[in-house]
Each structure stands twice: as structure tokens, then as C-alpha cells.
Amino acid sequence: MLLISMLTALVPTSVYASLFNRNGLFDSLLGALAGSVSVGNPLVSYILGGELMNQGVGLVAVTAFLVSWTTVGVAQFPAESVILGKRFALWRNLSAFVLALVVAVVTTTITAWLV
Amino acid sequence: MSAVKVLSRLSGGWRFLIIMVFAEIGLFFCSRSTFFVGLKILSGLLFKILPVLLLVFLLMSVINYYVTPATVTRHLGGRGVKKWFIAVIGGILSVGPVYLWYPILADLRKRGLSNGWVACFLYNRAIKVPLLPLATYYFGWHYVVTLTLVMVLASIVQAYVITHLEKFKI
């Protein structure tokens, strides 16, 4: 909780908007990276993701951001590795990061097909 | 006894806490305003999760009382889809910060659950039912339904990956 509150205080939400440059793959990777290191209530991620999309950031990047925010936990990694094991925590977070990119591509492809 | 020796005798959790306390002291001297913002966030977080902490302790007690290794093996250890259904639904319905669930999951694992199941449960925690209206407002219901279903499938894929990495001792 100390780490989460400190990171939340140190990283303002406006930083995320300046990170994206509207290049599909690069934005997705950045989205997943930003989401992975972000901490806080998922409510914030939806609002931030929605606002980023309103500013022109692609849906794939926003989806990667939303999914990695909730499935990858860099800030929680120390606690996770102490309680559940370092190897488990490492593989779980790495696979969640890769899956965030896959989920983003699959979700946006299906959504585009549906709408 | 030197400070290094004392630290080496402590568990990882205590070492992490000491590092964080020193980081907070450092932040206090580097940026007092950020330190106080962090302190406010911390107090808000503590206040918010106190009822959840009580719920977690209650759940842990109930689990300890009712869930035995035999029960876990009977309900979750089989090859059926039921154990994955429980992991998916349990993850979606679980409340509170994720780090409060780690001790519960570690305890359940000792009682026979696999790492794949734990990974599946943790992945499904990303699906937040109360937040679906907000997600629909921003992204539309086609997107929300698709994302939810794809994430459930992804959780099963992750469970498969984690289980096989474990099997091959990677």
C-alpha cells in the first residue's frame, strides 16, 4: 500500500496522454507498458482509457492499456513474489503482458467486425 | 550486529517494508508536497480497504474451517470444467485489492490448487462487473461483451501456459 500510494502520487495521469503518438504497434506496446506499471482503481483506467481514445489514441492501444492495468502488476510484484513465489509471479506477469497485446488485437478486430 | 546482517535475517516482506519506509523518508526530504499527497492516498486506501480486510480475514477463517485438501481435490482437482468455472466466476466476483488475495490463494494452493488455477483466478479479477456500465459508456456494449469473453478465454490460455511452464520446470 505504501508503494501504491507513492507511485500514485509520483505519476500524474496527464503523463499517459503525452506518451502515445498514434502509431498502432508502438502505441499498443506503450499502452501495455503504461498499464503494467500503473496502479490504482480500475475505474481510473476506464476513465483514462476513454479520454485517451477521445484524444485520438487507437482502440488497440487503449485496450492493451486497460487489460494490462488490471492483469499485470509491477507494483504488486514484490508482494506477489514473496507470497506466491518469484517464478510464478514472473511468469504470470510476463504471460499477462503478452496476453494483453493479444487480447487487444482480438477484441478490436471482433468489435470492428461486429459494428 | 551490522544492519546488513539484521536485514538478511528478516523475511522478504519485512525487508520490503523497511525499503519502503526509507523510500518514504527520502521522498519526504526530496518533495514534501508529493509525500503528503502520497500520505493522503495511503490514508484513503487504508480507510477504504478496512472493511475489505475484515471480509478477507473472515473468508480466510471460513476457508480454513471448511476447505480441506480433500474438499479441494474433490471440487477443483479433477479434469472437469467445474474447477475452471469456479476460477473464472470466483475471480470475477472477488472484491478488494489483489494483494489481499495473495495469502488466501497461497493457502488454497497449499490445499491442492495448481498455479494455473491461481493464475486463472487472478486474471479474471480484471473483469469488474460494477464497472461494466462505465466501460459501455466509453466503448460501447459490443466492445465490452467482446472484451469480457476474450479475457475469460485469455485466462484459460494463461492457466494452460503457467501449468505447462511448471510441468517443464521453466
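The values are calculated or read from the model by the stated rules, or taken from the named source; none is laboratory data. All values reported here derive from a predicted model rather than from experimental measurement. With ideal geometry, Cβ positions are generated from the backbone for all residues, glycine too; neighbour counts draw on all protein chains shown.
Among (1) at pLDDT below 85; (2) over 26 Å from residue B:155 (Cβ atoms), where does residue B:36 come up short?
(1)
Within the stretch B:143-170, how many residues are modelled with pLDDT under 80 and facing another protein chain (nearest Cβ under 10 Å)?
So the answer is 3.
What's the total number of residues in the stretch A:48-65 that are at the interface with chain B (Cβ under 8 Å from one of its Cβ atoms) and under 21 Å from residue B:97 (Cβ atoms)?
1
Tell me, which residue of the stretch A:103-115 that is more than 7 Å from chain B (Cβ to nearest Cβ) and within 18 Å of the chain's Cα centre (by Cα) is nearest to residue A:38 (Cα to Cα)?
Of everything passing the filter in the stretch A:103-115, A:104 is nearest to residue A:38 (Cα to Cα).
Just for the stretch A:74-99: of the residues that are touching a residue at least 24 places away in the same chain (Cβ under 8 Å) and surrounded by 24 or more Cβ atoms within 10 Å (Cβ to Cβ), which one is nearest to the other protein chains (Cβ to nearest Cβ)?
Residue satisfying both the conditions and the ranking: A:99.
Evaluate the following for residue A:18: is it at pLDDT below 80, facing chain B (nearest Cβ under 9 Å), more than 14 Å from the chain's Cα centre (by Cα) and in a helix (DSSP H, G or I)?
Answer is no for this residue.
Do we find that residue A:63 is part of a helix (DSSP H, G or I), surrounded by fewer than 17 Cβ atoms within 10 Å (Cβ to Cβ) and out of contact with any Pro (no Cβ under 7 Å at 6 or more places or on another chain) in this structure?
No: the conditions fail for residue A:63.
State the number of residues belonging to the stretch B:114-151 that are surrounded by fewer than 19 Cβ atoms within 10 Å (Cβ to Cβ) and among the hydrophobic types (A, V, I, L, M, F, W, C).
7
Among the residues of the stretch B:90-109, how many are in contact (Cβ under 8 Å) with a residue 12 or more places away in the chain, outside any loop (DSSP other than H, G, I, E, B) and out of contact with any Gly (no Cβ under 7 Å at 6 or more places or on another chain)?
Residues in the stretch B:90-109 being in contact (Cβ under 8 Å) with a residue 12 or more places away in the chain, outside any loop (DSSP other than H, G, I, E, B) and out of contact with any Gly (no Cβ under 7 Å at 6 or more places or on another chain): 10 in total.
Can you work out which of the residues in the stretch B:121-142 that are more than 18 Å from residue A:104 (Cβ to Cβ), at the interface with chain A (Cβ under 10 Å from one of its Cβ atoms) and touching a residue at least 24 places away in the same chain (Cβ under 8 Å) is nearest to the chain's Cα centre (by Cα)?
B:122
List, please: which pairs have Cβ atoms under 8 Å, are six or more places apart or on different chains, and start with a residue in the stretch A:100-115 that is without any contact (Cβ under 8 Å) to a residue 40 or more places away in the chain and end with one that is among the aromatic types (Phe, Trp, Tyr)?
Correct list of pairs: empty, since none qualify.
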